6 protein chains.
Amino acid sequence: MKRKKPSNIKAKQSIPATERQTAKDDSEMTALALQRGNLSPAMQAYFAKCQEKLGFVPNVLSAYAFDNAKLEAFVAMYNDLMLAPSGLSKLEREMIAVAVSSHNKCYYCLVAHGAAVRALSGDPALGELMAMNYRAARLSKRHRAMLDFAVKLTAEPWAMEEEDREALRQAGFTDRDVWDIAAVASFYNMSNRVASATDMRPNSAYHKQAR
Amino acid sequence: MKRKKPSNIKAKQSIPATERQTAKDDSEMTALALQRGNLSPAMQAYFAKCQEKLGFVPNVLSAYAFDNAKLEAFVAMYNDLMLAPSGLSKLEREMIAVAVSSHNKCYYCLVAHGAAVRALSGDPALGELMAMNYRAARLSKRHRAMLDFAVKLTAEPWAMEEEDREALRQAGFTDRDVWDIAAVASFYNMSNRVASATDMRPNSAYHKQAR
Amino acid sequence: MKRKKPSNIKAKQSIPATERQTAKDDSEMTALALQRGNLSPAMQAYFAKCQEKLGFVPNVLSAYAFDNAKLEAFVAMYNDLMLAPSGLSKLEREMIAVAVSSHNKCYYCLVAHGAAVRALSGDPALGELMAMNYRAARLSKRHRAMLDFAVKLTAEPWAMEEEDREALRQAGFTDRDVWDIAAVASFYNMSNRVASATDMRPNSAYHKQAR
Amino acid sequence: MKRKKPSNIKAKQSIPATERQTAKDDSEMTALALQRGNLSPAMQAYFAKCQEKLGFVPNVLSAYAFDNAKLEAFVAMYNDLMLAPSGLSKLEREMIAVAVSSHNKCYYCLVAHGAAVRALSGDPALGELMAMNYRAARLSKRHRAMLDFAVKLTAEPWAMEEEDREALRQAGFTDRDVWDIAAVASFYNMSNRVASATDMRPNSAYHKQAR
Amino acid sequence: MKRKKPSNIKAKQSIPATERQTAKDDSEMTALALQRGNLSPAMQAYFAKCQEKLGFVPNVLSAYAFDNAKLEAFVAMYNDLMLAPSGLSKLEREMIAVAVSSHNKCYYCLVAHGAAVRALSGDPALGELMAMNYRAARLSKRHRAMLDFAVKLTAEPWAMEEEDREALRQAGFTDRDVWDIAAVASFYNMSNRVASATDMRPNSAYHKQAR
Amino acid sequence: MKRKKPSNIKAKQSIPATERQTAKDDSEMTALALQRGNLSPAMQAYFAKCQEKLGFVPNVLSAYAFDNAKLEAFVAMYNDLMLAPSGLSKLEREMIAVAVSSHNKCYYCLVAHGAAVRALSGDPALGELMAMNYRAARLSKRHRAMLDFAVKLTAEPWAMEEEDREALRQAGFTDRDVWDIAAVASFYNMSNRVASATDMRPNSAYHKQAR
């Protein structure tokens, strides 16, 4: 029996640059026609700092920029949850972000926070696993318990009970950590939906980061 | 054929006050042991104002009060979404809050925001319908479209597409209104989960309000 | 940072009485155009008794009254299940009714039987919890086991097995009690669907009962 | 390439009669230990009639026979729904019974009412299709609309709306027919659950009927 | 109270032969218009063998016969999985086939492989139980574990973990058996979908086999 | 209001190489202990060709290599479906593979076929979108119809009907194309499950391909 050769995956049926999925993602950030509002000096400085350190302003911030009060509220909550002192490392918070976003299939958050997991961990496959199926990852008991709680809270919030909190405590988390896991998972249940409702596009730069 | 009399629903099998569901709801606000943090003057004033105008501090605020920065971020976002100028009336925003919380079966938010719908509308049954099944309510096309969007965004955020936004525009909503509907629905997808994850109890006073 | 005042929930955007959700609920009981049939003397007496003791005839009875045989069969089964001697108290049977109706989001049954739970228990919040999420209630092991069985039977009848019956026996229920729990839960899976299929409206009087 | 012969499905790995699935189905009718109660003369006559005409008493009746009042209520409702005059033929009512039972995966009802569809229609494959997937059957528009309504009412009762009733009217059904379709579908949502909760076994005779 | 007689299920509302569900199943095998391709001598011999031993060529083979390479690949995989030496008996493989097809509600596979379970076991009710709800069957621990794995793999492949494989090992299966259970269940997840996507009809002869 | 700086995602909390997710993926390919079988000359040549052209043997082939007959059957079907002449381009077939694998959350197939989509299209974000949520991609009507069919067939095979096939024909597909879309989608519903059941790991090389 004569067999076909294995597929040569380098043989491209290449899509022209102007038709690529990222072609407009840095200019048409959402499906809503909302004009940039007047930003406060604090927000202007924040955008400048993003530009300087990341090379771009994350599109989620640009999306909120039609209204300075909304932008400030979002930034304050985001920065507190993801960057303030916590029993959870920044990487752990990003892992929660991606696992939650995977359940909700949120393109924006999977791309942006998948990049963060890759960068913070130095383990690109960890970012892929959080985005694809966290159950297939080789996780410590701590991380598995953390993500089981976050994903159950995402999928069936009505079924959360004391035994779910107790499982976190058994894995070494304090009550304050339980709050933080819950709060980060809950925040992405909000962000995922704002992004999905508005067809928010991730900055094209995220795709190549930390591969 | 001899038949039994109709049930006399006044014949109580009464539960003693100390065993009622609300017995500890005003003192044990969540299942997490978190100490009250130091509140900023702004937050102290805010709590005082709640006490003065509502007669109590909503338990969600007390729950966040273990950390002033988290409390401030929550209050800022909540007040902006629910009280700031918008193409949506305050009642409409509360209707979204309750319909979303119904999908997520969040006891805290159903009780607290169900009371708000009753109070703002003067139509207690409207509050019940938002909590039980918004599809059974007699709604204007505007309100039905608004809630269909909010509940779909809650149930299957991955399936939101241009046609969902277009349905809102057809019902008379602007792009800014679309943002606000999405943002309010998304916020309660966060709040519902923080409440469910921590077993947050609603203040007992809500139950009797505006019946 | 200047903050907005807490919402004053007494500031109504009041809905006129003629547009309230209950406006027609006592006259247009279902979405089907069915003429009242000839009632037997037994059923006429039963309706008179309802009027005398409750102040109204429950709309579900009026809905069935287009055909006396159907009405009699429904009344016989309802009265046997909810009022006949059983190892389950009347309150327990009403708790099952509401928890099942919550899963099925049946407006009629949630309103009518939610009132019954409030009245029988003297604990209005218990009625709310059965309607919103029984898992958030502070329940005895007996009641939790009873409702877990009833709601699983509602949600995934195909998955019921000996271990589910055994869990009831472990919680102190006899085999006859198991039948009664199953029969009441099953009955509301029928009633919920008749009500939802016909858009049956609850009598407006239920809303204010036993708050 | 040498190939294996097609499977000869007559080569049995036969299971002894005492281990067959039906071995105890005619003697151990449910998983509950409930003693036969005293039957009224009417019920005794009904059982005798079953024995005479069917050759056996359906196990569902034997299961209810621990309590004469419950048995009478069940029989009255069953006979009214399935046998009384209606715009739906008896076959149509049995088709609904089986399609609903298929969604609920109720072994008892699929076997007993599957036999009824085969017998009433003279088309054994129609019984199989109702039990396996009614969408794969070659149905008239009337029957497809009828079953779509019945199965949606079974799967998502909370989503029934005027457009569902209107689809039945467009297919030629009267409002009375809508009631009957709803009532039959709802009844099997009850019966399926009583059977599944108690592990009710179908009489072994059903399997071979009308093949 | 006068009661109606039990239903006489022999009173047919018979459907004419030309309108029966099987009327065209042996001639119009799928909904796709695909011409028979040129079959290799091996495939011609295989079809002839089917005709000789079964009395017909299974419609799934006729459906694939528009392209000899596709047919050969399907036959090779099918025969290896279902007939080659394995720690699983042929009956066990057919039980998996039917339980998987039941979850997927695949009419073709339920009919064809349901017949195989009846024939191989000599226990017609076993075939019915696999098609209706395997959880209601009286199964050995081995068979229950095998089907639990196969059906979970069908329903939520993303949730398979080491504990699922370990449950099979505890029930006495080797790692090679685990592969075979997985491979057979997976194969029917493919076949069910090819059949459902193309409206593949089972040969009418299957219905009466081994009843 | 003083604000925190944007997160510097380059500040790694780096995971050591030996603990990275890919550490053992090229040596421990599945969770089953199965010995390499004797490969036929054809399969030996095929493995050599893979090594030469891809630089490695895909782990799925190594996983099947415990049994030459199973390996040959898999390779024959795979090569026919993915590489043989078809109205679908190779890229289109890989897009289906990834969109189906996304629904099933299959880590192996998402990594391996995600790489293929990136390579064939030259548009890395297209691979991400297929893996994350195909509904968020900017697709032609042809591709959207193709993926809607493939994903519905994956999620609810029981609900496929003529209107689904007709939608493909309206999008320009022939009946043969319909078969090919169905066959590719169905094949990955098999492969995804074999991979998930056995915890199959993707070769580490895929992660960096065509980024």
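Would you check if there is a residue in the range C:67-82 being touching a Cys at 6+ places or on another chain (Cβ under 8 Å), farther than 30 Å from residue C:174 by Cα and not basic (Lys, Arg)? Checking the range C:67-82: not a single residue is touching a Cys at 6+ places or on another chain (Cβ under 8 Å), farther than 30 Å from residue C:174 by Cα and not basic (Lys, Arg). The sole residue among B:136, B:167 that is more than 28 Å from residue A:108 (Cα to Cα) and either among the acidic types (Asp, Glu) or touching a Phe, Trp or Tyr at 6+ places or on another chain (Cβ under 9 Å) (or both) is B:136.
Condition first: open to solvent by 40 Å² or more (accessible area, probe 1.4 Å), more than 30 Å from residue D:121 (Cα to Cα) and in a loop (DSSP other than H, G, I, E, B). Now tell me which residues in the range E:22-47 satisfy that. Scanning the range E:22-47 gives E:33, E:34, E:35, E:36, E:38.
Summed over the range C:183-211, residues that are outside any helix (DSSP H, G or I), within 19 Å of residue C:115 (Cβ to Cβ) and not basic (Lys, Arg) total 5.
Mind listing whichever residues of the range C:64-80 are more than 9 Å from every other protein chain (Cβ to nearest Cβ) and assigned to a loop (DSSP other than H, G, I, E, B)? Of everything in the range C:64-80, just one residue is more than 9 Å from every other protein chain (Cβ to nearest Cβ) and assigned to a loop (DSSP other than H, G, I, E, B), namely C:65.
One residue stands out in the range C:168-190 among those that are more than 7 Å from chain D (Cβ to nearest Cβ) and within 19 Å of the chain's Cα centre (by Cα): the one that is nearest to residue D:154 (Cα to Cα), namely C:188. Residue count for the range C:133-163 satisfying the condition of being of a type in the set (Phe, Trp, Tyr) and facing chain D (nearest Cβ under 9 Å): 2. In the range B:39-53, the qualifying residues are those that are without any contact (Cβ under 8 Å) to a residue 24 or more places away in the chain and of a type in the set (A, V, I, L, M), and the one that is nearest to residue B:200 (Cα to Cα) is B:48.
Report, by residue number, each residue of the range C:197-206 that is facing chain D (nearest Cβ under 10 Å) and in contact (Cβ under 8 Å) with a residue 40 or more places away in the chain.
Hits for the range C:197-206 are C:198, C:199.
Somewhere in the range B:136-157, is a residue closer than 30 Å to residue A:174 by Cβ and of a type in the set (S, T, N, Q)?
Here is the first cut: in the range B:136-157, the residues closer than 30 Å to residue A:174 by Cβ are none.
No, that holds for no residue.
Inside the range F:197-211, can you point out the residues that are of a type in the set (Lys, Arg) and buried (at least 24 other Cβ atoms within 10 Å of the Cβ)?
Of everything in the range F:197-211, just one residue is of a type in the set (Lys, Arg) and buried (at least 24 other Cβ atoms within 10 Å of the Cβ), namely F:201.
Would you check if there is a residue in the range E:48-63 being hydrophobic (A, V, I, L, M, F, W, C) and surrounded by 22 or more Cβ atoms within 10 Å (Cβ to Cβ)? Yes, there is a match, as at least one residue in the range E:48-63 is hydrophobic (A, V, I, L, M, F, W, C) and surrounded by 22 or more Cβ atoms within 10 Å (Cβ to Cβ). Residues of the range D:112-132 that are over 13 Å from residue D:206 (Cα atoms) and either out of contact with any His (no Cβ under 8 Å at 6 or more places or on another chain) or more than 9 Å from chain E (Cβ to nearest Cβ) (or both): D:120, D:121, D:122, D:123, D:126, D:129, D:130, D:131, D:132. Restricted to the range A:87-111, and to residues there that are over 18 Å from residue A:201 (Cα atoms) and basic (Lys, Arg), the residue that is farthest from the other protein chains (Cβ to nearest Cβ) is A:93. Could you tell me whether the range D:189-196 includes any residue that is closer than 15 Å to residue D:82 by Cβ, without any contact (Cβ under 8 Å) to a residue 60 or more places away in the chain and either open to solvent by less than 30 Å² (accessible area, probe 1.4 Å) or not hydroxyl-bearing (Ser, Thr, Tyr) (or both)? Yes - at least one qualifying residue is present in the range D:189-196.
Checking residue A:13 against (1) open to solvent by 80 Å² or more (accessible area, probe 1.4 Å); (2) over 18 Å from residue A:201 (Cα atoms); (3) modelled with pLDDT under 95: exactly one of these is not met. Which one? Checking residue A:13 against (1) open to solvent by 80 Å² or more (accessible area, probe 1.4 Å); (2) over 18 Å from residue A:201 (Cα atoms); (3) modelled with pLDDT under 95, the one that fails is (1).
The values are calculated or read from the model by the stated rules, or taken from the named source; none is laboratory data. What you see is a predicted model, and the numbers here were worked out from it, not measured in a lab. Note that each Cβ is placed from the backbone with ideal geometry, even for glycine, and that neighbours are counted across all protein chains shown. When the accessible area is computed, the model is the full protein with side chains, heavy atoms only, and any ligands, DNA or RNA have been set aside. Shrake-Rupley method; radii C 1.70, N 1.55, O 1.52, S 1.80 Å.
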